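Shown next, in structure tokens, is the structure this report addresses.
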Amino acid sequence: MLDSSLKIIIVGGGHAGCEAALAGARMGVPTTLISLSRDKIAEMSCNPSIGGVGKGQLVKEIDALGGEMGRNADYTGIQFKRLNTRKGSAVQSSRCQSDKVLYAKRMRETLSQTPNLSLLEGEVKGLLVEDGEMRGVVFQDPASLSPREILCGAVVITTGTFMRGLMHCGSSQRRGGRYGELDSLGLSEELERLGFRLLRLKTGTPARLLRESIDFSGLTVQKGDDPPQKFSFAETQISLPQIDCYLTSTGIETHTIIQNNLSKSPLYSGQIKGIGPRYCPSIEDKVVKFPDKARHLIFLEPESLSSSWIYPNGLSTSLPQDVQEQFLRTLPGLEEVKVARPGYAVEYDAIDPLQLTHSLEARHIRNLFLAGQINGTSGYEEAGAQGLLAGINAARSVMKAPHLKLGRHQAYLGVMVDDLVTLGVTEPYRMFTSRAEFRLSLREDNADLRLSEIGYEIGLLTKDDYKLFCERKKKIHTLQTYLKRTVVKPTDKGNATLVSLGSSPLAYPQTLAQILKRPELTLADTLALVDTPPTVSHQKSIQDVVEIEVKYEGYITIQREEMKRLENLDKVGLPPSLDYSKIAGLSNEIRQKLTERKPSSLADASKVPGITPAALTAILFHVKRKSPLATPSV
Amino acid sequence: MRSNLETHTPIFALTSGRPPSAVSAIRISGENIFSLLSPYLRAKTPLQRRRRMFLSEVLSPVKHKIDEALILSFVSPHSFTGEDTLELHCHGTKLIVKEIEKLLLHLGARPAEPGEFTYRAILNGKMSPRDAEDLGDLFLIQRPVDLHAFHERRERSLSDQIDSLRRDLIRLQSIYETAIDFSEEAEAAHFVSSQSLREIQSTVTNLIHRYEIIKTNARPYKLALVGRPNAGKSSLFNALLTRTRSIVSDIPGTTRDSIEDDISLGDDDWKLIDTAGIRTTGDTLEKEGIEMSRLALRDSDMWLLVVDAKEGIHPQDKQLVEEFGSIPHAIICNKMDLTDQRPQCMSTKTIPVSAKTGENLLELLSEIRSMANAISETPRRDYLPSTTEVQRLQKLLPLLNELMAADQAGLPPELLSEHAAATLRELNGVTDPVTQDEILGRIFSDFCIGK
């Protein structure tokens, strides 16, 4: 029998759990996925969509590393849309509506077809820890009376909203992590016993509506892109029929009903103690906080080709069911609406992510990893990306390989993990492009250039996918070299072309790359200045990367300098024994925070909220005095 | 100051009372200085390692008495530098100071480099680098109001103006970020960023300007005399100077042909400025004259509008009052000996006077004096930035200009955001760093986010 210390266990079959399990198994490590209900694996508990601004970047990164989310989204998407297309490509993102039934089904099939991966139905009641190291889990098989121990080398916990989950709908409360499902009670206490600090968070979901009861005739149609653009860099296909979404809105009447019934909302009655996300407020919140707004937009999104449920995006609520029905019927198109399932809020336990390392391992328990909503995040993409990283590192732990850590300059995933483990959370964490200070370099179009090399090296990205990547990389390089080496001389014809494009004529010879820097010119415009057609790729996806790199060059250079400055700060190590009370010029608050966090470097210290450059200088002076090293500028 | 100074040798410097003076103070700081120096001190009580003050004879290397000095001892870490420190207060003669310095050199101490005591204080955690910068600024300050502003700043770590500058920039960036991260969800409010950009720029310019004034502040308060040609500014100028000179005797003689002169009003030294000088007719030159008067006015702390009692108040005069009404001022109705007319102007205080006969001059002087006292007693509400802050603010200006240019060129929000972020980064040196959460917080409070 195989040595148990070479196996890993994933607890939870949500979006984080699926990525973690697939990553481990694909890297060749025997992996067991334990889930409360096998049928609910990869369920889309809230909105039926993948991607979005900032989130699309995460999906592309998962894909570039060899994860599954992007591929699954391509095969099961029923409407694809690129967002922010009128802005620069750094902030353009992909999103799709998914057939939630098919999404979960295809993911389950992928799991069951993956070698090294076994699925187990039941509950994890306890964690076996010896000498600060994970040894296994206590597993309760629903078919047997007493729990049994399963030994393993590493564990990834991805239990989402199920820990001490409490659902609210009006004044009624029910235990459970998701509608119609039980919560997992013991694990919270188990984690608390193991020294984790628990946070209480809240999220919500709107009612689901029956398609037949909606009158779509007067509503604005929201079409997807034609042709749709897929997520994956691999050879996937968008094969499902594409559908439309619809737009409606709330009105004064809606708001009055909500205002009059606020006392029945557990959010306002004080029944809910958990902290919800500011970016995804309930309709109650929107009405209260923005009383001047006469209307709020609501998107009606079909959940599946095979189901008649409609997801009204923007109407998350925890008001009682009768009030929900009452206000829903004030929206155009919903006058006769029938509710398939009421909206509800759910409170759940999350752990304080400050207790994790950059590889998502618990700081105080070796080989215990946590990923997804349990770390205080929200969203499938955030969960999936963490699950992937945790799965990779659990596998690397049992393989005795160093953990994979991604920097803020490398990936959105790196930004998210760094934010989580150095800043912690005060509300469910969602990815935004504004969180990524190097976002001009962290784009969807270059996710593979940033990460596929790594994905292949760690044994996750397949040989075939890597080959595809190498071909693409070569084409990009060829085009870049061509632009840098090809010099255009001023000619009457060429200058006439430039003027006709609203640009100025050439005064002296310039390379194509230099000419492309002009904001008014596209890559196609620039290539037209050359008489002999170049033997470079005309693929849009290739040209896009090259074009944007040239256009952003000046900005990217500045960002690189900033990265370098951060790296310099990183080089100034701060010993854990450093006594911050001995450093003059620090406020007591900062002293306390530094003492708690024990930053490992000046760069880490610079991320502590409230720290000032003056405080950093003071620390630097102090450390420098102890060990006279070269001084980076702060 | 060199930053690679060694810190093992004791250092000394004359800290006060350059000879000849009644008393000269010499400070010595370093490890072991108590035991080093004690053989050369003959005190009534033995030198002890504790914080105290005592009288002692100071002996030369060959044990000849140099002087009798008052000695202050500060025991590490309870001293300015954090090291053992002695202060010798000796008689302030060149010879005595020199002999004591010779003794210290003999004992292996060396003269301190400029700022070296402060440097050691920082290294020993007695002072933060920021405190040291502030200390440097203290030496630039000349006026009581600025001293007040300085201490205010030290007490409140952030000024309102820099704080609001920061808020404006965060708001600006939050608008760009909203356009990116919530393009679908938020119905972004229409926003003219060029307007608030201009406001931000003028705040920065004002702060720098205010600092420049203080820095060059060997400058006393300025009192400007303005008015139409032939209103009698020059005679008033002379009359005021003569009067004050006859009252205040310790002012040395000055050149008579200057259009500026020193005058003592109340507790402070003032500069009296006659803005006249251009008397040529002709429109262009007239305009130039007015422009010069304006410049002097803008820079003044108080001004007097001199009008000819016969002529009354000219529209140009009114314009000046409107434009510079925020600076304390009064109207002087000159040549009252020639007419009984008393022109009135708005609500401004009008003082009739005759520069020629001296009639009412004393009343005028006492009026000016009370105005001057009110000025020097009123602390300005302006924030006084520190030297480092000003350096940062100066770096901020070109970044703001780039942002404005990018905004006008219609660059997409992700690039405008880069410019705004660079500007905020520079401001970070002045204030607390901006966290992403503050920008997000701004977004969530300004826009209804969330589908």
Residues of the stretch A:185-208 being open to solvent by 30 Å² or more (accessible area, probe 1.4 Å), among the aliphatic types (A, V, I, L, M) and either in contact (Cβ under 8 Å) with a residue 60 or more places away in the chain or part of a strand (DSSP E or B) (or both), in sequence order, are A:LEU198, A:LEU199
(Q) If I filter the stretch A:209-218 for residues that are within 14 Å of chain B (Cβ to nearest Cβ) and surrounded by 16 or more Cβ atoms within 10 Å (Cβ to Cβ), do I get at least one hit? (A) no
Could we say that A:ALA104 is in a helix (DSSP H, G or I), within 14 Å of chain B (Cβ to nearest Cβ) and not charged (D, E, K, R) here?
-> no
Out of (1) open to solvent by less than 80 Å² (accessible area, probe 1.4 Å); (2) charged (D, E, K, R); (3) more than 11 Å from chain B (Cβ to nearest Cβ), the one A:GLU253 does not meet is (1)
B:ARG243: passes all of (1) part of a helix (DSSP H, G or I); (2) surrounded by 12 or more Cβ atoms within 10 Å (Cβ to Cβ); (3) at pLDDT 80 or above but (3)
### Task
Within the stretch B:100-122, identify whether any single residue is open to solvent by less than 60 Å² (accessible area, probe 1.4 Å), within 14 Å of chain A (Cβ to nearest Cβ) and on the phi > 0 side of the Ramachandran plot, and answer yes or no.
no
Restricting the stretch A:83-100 to residues that are farther than 10 Å from A:ASP445 by Cα and under 17 Å from the mean Cα position of the chain (by Cα), the one farthest from the other protein chains (Cβ to nearest Cβ) turns out to be A:SER98
Of the listed residues (A:LEU111, A:LEU128), the one being open to solvent by less than 40 Å² (accessible area, probe 1.4 Å), more than 19 Å from A:MET69 (Cα to Cα) and either modelled with pLDDT of 95 or more or part of a loop (DSSP other than H, G, I, E, B) (or both) is A:LEU128
Among strands (runs of 3 or more DSSP E) completely within the stretch A:314-399, the ones holding 2 or more residues that are more than 17 Å from the chain's Cα centre (by Cα) and aromatic (Phe, Trp, Tyr) are A:344-351
Among A:ILE272, A:ILE258, the single one that is touching a helix residue (DSSP H, G or I) at 6+ places or on another chain (Cβ under 9 Å), in a loop (DSSP other than H, G, I, E, B) and at pLDDT below 95 is A:ILE272
Residue hits (the stretch A:1-47; over 19 Å from the mean Cα position of the chain (by Cα) and part of a loop (DSSP other than H, G, I, E, B)) are A:MET1, A:LEU2, A:ASP3, A:LYS7, A:MET27, A:GLY28, A:VAL29, A:PRO30, A:LEU36, A:SER37
- Message: Among the residues that make up the stretch A:514-524, is at least one of them in contact with a strand residue (DSSP E or B) (Cβ under 9 Å, 6 or more places away or on another chain) and more than 23 Å from A:ASN446 (Cα to Cα)?
- Response: no
Within the stretch A:541-552, residues closer than 15 Å to A:LYS484 by Cβ and within 13 Å of chain B (Cβ to nearest Cβ) come out as A:LYS551
- Can you find even one residue in the stretch A:527-540 that is among the β-branched types (Val, Ile, Thr), at pLDDT 85 or above and either in a loop (DSSP other than H, G, I, E, B) or open to solvent by 20 Å² or more (accessible area, probe 1.4 Å) (or both)? yes
The number of residues in the stretch A:573-595 that are among the hydrophobic types (A, V, I, L, M, F, W, C), away from every other protein chain (no Cβ under 14 Å) and open to solvent by 20 Å² or more (accessible area, probe 1.4 Å) is 0
Exactly one of A:SER45, A:SER49 is surrounded by fewer than 24 Cβ atoms within 10 Å (Cβ to Cβ) and among the hydroxyl-bearing types (Ser, Thr, Tyr), and that residue is A:SER45
On the given criteria, is A:TYR555 surrounded by 14 or more Cβ atoms within 10 Å (Cβ to Cβ), in contact with a helix residue (DSSP H, G or I) (Cβ under 9 Å, 6 or more places away or on another chain) and at the interface with another protein chain (Cβ under 10 Å from one of its Cβ atoms)? yes
Restricted to the stretch A:275-311 and to residues being open to solvent by 70 Å² or more (accessible area, probe 1.4 Å) and not in a loop (DSSP other than H, G, I, E, B), the residue farthest from the other protein chains (Cβ to nearest Cβ) is A:TRP309
### Message
Take the conditions among the hydrophobic types (A, V, I, L, M, F, W, C) and buried (at least 18 other Cβ atoms within 10 Å of the Cβ) and apply them to A:VAL138. Does it pass?
### Response
no
Checked the stretch A:439-465 for anything within 14 Å of A:ILE62 (Cα to Cα) and either free of Cβ contacts under 8 Å to residues at least 40 places away in the same chain or open to solvent by 50 Å² or more (accessible area, probe 1.4 Å) (or both); matches are A:LEU449, A:GLU453, A:TYR456, A:THR462
How many residues of the stretch A:84-103 are crowded, with 22+ Cβ neighbours inside 10 Å and over 21 Å from A:PRO519 (Cα atoms)? The answer is 9
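A quick yes/no check of all residues on (1) modelled with pLDDT under 80; (2) among the hydrophobic types (A, V, I, L, M, F, W, C); (3) farther than 30 Å from A:GLY379 by Cα:
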| residue | (1), (2), (3) |
| --- | --- |
| B:THR348 | yes, no, yes |
| B:THR388 | yes, no, yes |
| B:LYS395 | no, no, yes |
| B:ALA405 | no, yes, yes |
| B:ALA422 | no, yes, yes |
| B:ASN428 | yes, no, yes |
| B:THR435 | yes, no, no |
| B:CYS448 | yes, yes, no |
| B:LYS451 | yes, no, no |
From the option list A:LEU319, A:LEU388, A:LEU360, A:LEU315, single residue qualifying as open to solvent by less than 10 Å² (accessible area, probe 1.4 Å), modelled with pLDDT under 95 and closer than 24 Å to A:GLY56 by Cβ is A:LEU315
Over the stretch A:152-171, the set of residues among the hydroxyl-bearing types (Ser, Thr, Tyr) and modelled with pLDDT of 90 or more is A:THR158, A:THR159
When every residue in the stretch A:507-526 that is part of a helix (DSSP H, G or I) and without any contact (Cβ under 8 Å) to a residue 24 or more places away in the chain is compared, the one least open to solvent (accessible area, probe 1.4 Å) is A:ALA524
Inset, instruction - Would you check if A:TYR482 is touching a Gly at 6+ places or on another chain (Cβ under 8 Å), of a type in the set (Ser, Thr, Tyr) and either in a helix (DSSP H, G or I) or open to solvent by 70 Å² or more (accessible area, probe 1.4 Å) (or both)? - result: no
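The values are calculated or read from the model by the stated rules, or taken from the named source; none is laboratory data. Bear in mind the structure is a predicted one, so any value in this text is a computation, not a measurement. As a convention, Cβ positions derive from the backbone with ideal geometry for all residues, glycine included, and neighbour counts pool all protein chains shown. The area values use the complete protein model at the heavy-atom level, side chains included, leaving out ligands, DNA and RNA. Shrake-Rupley method; radii C 1.70, N 1.55, O 1.52, S 1.80 Å.
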